[in-house]
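Structure, as structure tokens:
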Amino acid sequence: MPILSAEGFLDTHVHTGPAPFQRIGDTIDIAGWCAAAGMSGIVVKSHFEATISKVYHARKEHPDFPVYAGIALNRGVGGINPLAVEQALKQDARFVWMPTIDAVNHVRIFGAAGAFGNIGGASYAKNKSARGEKGLYSVLEGGKLTAEAKDVVDLIVEFDAVLATGHLSKEEIYALIDYGIGKKLTRIIITHPEMQCPNLDIATQVELAGQGCMMEYCAVNCMPMFQSVTAEQMKEAMDAVGADHAIIATDSGQPFSPKTPDMFRVFAQILHEKGVAIDDISKMAIQNPARLLGVTPRNTEVKFMNEVRGVAQDP
């Protein structure tokens, strides 16, 4: 069994400090670790703010390593706020996440905004608002997509950015994707469909993939703290959807998770040892995320540790 390398991997889901949630490192730290591992780049996410400034400073420190910014539509940016999205996209944000920890669906699943119930641990303890749970967000009102949600999708299309579905419900995702496809939106990620929110069944994932959406399967959800699914369940979904319609990412940054390149490498290794083909790992970890972002990766095929570190392999 070969030992996989993270060289060339492009991670579409990385959390960095500072943040109300504890993080394993700031954006400069994490970008440095990923650059040293030879990765093709990272997309920096925050539940609390647009990551433009974080990415700006990381790029200054690591000018040869691609770092991409985005905006998640939670309370820190006024929720589903087209004006905030427009400002972020004008400053080269590449991802727009629909509401995550402040989504109505997130609260339905985890019991509170900005929390992860019993799976979150002490790393999330500081985020509870003294002002209660005002301003929870949904893209639907009366079962129909809101004007603000439509405006956000229109902006994503205008700037050729990536729409990610965040922690929305299945009903919300369907309404959003239906509108987006009608507007010729082509860059769509279904954020961690395996996690408790949205917890999409495999048939739904296959249907959405058939409409051109990319399923983003995240390592954190089969790690010890979250344990949303097993590696076998993750593989079952990937097999059904097909590697052409899937991305693997880490959703890393928590103190209870490994450093991003280690987490990514181990996730890919586990999937391969469970039976996912090397060619499919190459698609999901390198080719598909690069195509989604419209960039060229360092390499297009998975490399092995003996190619970059001189580590001996099994015969």
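Quick note: the coordinates plus some simple rules give every number you see, no bench work behind them. All of these numbers come straight from a predicted model, not from anything done at the bench. Cβ atoms come from the backbone with ideal geometry, glycine included; neighbour counts cover every protein chain shown.
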Seminar exercise, completed: Helix 260-273: inclination vs the chain longest Cα principal axis, degrees, rounded to 10, gives 70
Exercise. Taking a temperature of 25 °C and a viscosity of 0.890 mPa s, what whole-number D in µm²/s does Stokes-Einstein yield for segment 173-222 with Rh from Kirkwood over alpha carbon pairs?
Worked result: 219
For this session: Taking the Cα centre of segment 10-308 as origin, work out the dipole magnitude from +1 charges on Lys and Arg Cβ and -1 charges on Asp and Glu Cβ, in debye rounded to 20.
Result: 720
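Rank by packing, highest mean first: peptides 56-69, 9-22, 218-231, with packing defined as the count of other Cβ atoms within 10 Å averaged across residues.
So the peptides 56-69, 9-22, 218-231, ranked by packing, come out 9-22, 218-231, 56-69.
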For this session: Rank-order 166-173, 240-247 by packing density, defined as the average count of other C-beta atoms within 10 Å over each peptide's residues, highest first.
Result: 166-173, 240-247
Seminar exercise, completed: Between the alpha carbon centres of segment 143-174 and segment 74-94 the gap in Å comes to 13
Exercise. log₁₀ I(q)/I(0) of the chain at q = 0.11 Å⁻¹, via Debye over equal Cα point scatterers, no solvent, to two decimals?
Worked result: -0.61
Problem set entry | Mean residue ellipticity (222 nm) of the chain, computed from DSSP H runs ≥ 4 via -39,500 (n - 2.57), nearest 500 | -10000 deg cm²/dmol
Exercise. Where a Cα-Cα gap under 24 Å defines reach, which lysines qualify for LYS283, not counting those fewer than 8 residues away within the same chain?
Worked result: LYS45, LYS184, LYS235, LYS259, LYS274, LYS303
Exercise. Aspartates and glutamates near LYS150 by alpha-carbon distance under 18 Å, same-chain residues fewer than 8 away left out - which ones?
Worked result: GLU86, GLU141, GLU158, ASP160, GLU171, GLU172, ASP178
Problem set entry | Burial ordering of ARG108, ARG75, ARG265, fewest other beta-carbon atoms within 10 Å first | ARG108, ARG75, ARG265
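THR186 to MET225: FRET efficiency via 1/(1 + (r/R0)^6), r the Cβ-Cβ distance, R0 30 Å, to the nearest 0.05? Kindly include the intermediate steps, with their values, before the conclusion.
Working: r = 34 Å, r/R0 = 1.15.
After rounding, the FRET efficiency stands at 0.30.
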Exercise. What angle do you read, to the nearest 10 degrees and between 0 and 90, between the alpha-carbon axis of helix 52-61 and the longest principal axis of the chain?
Worked result: 30
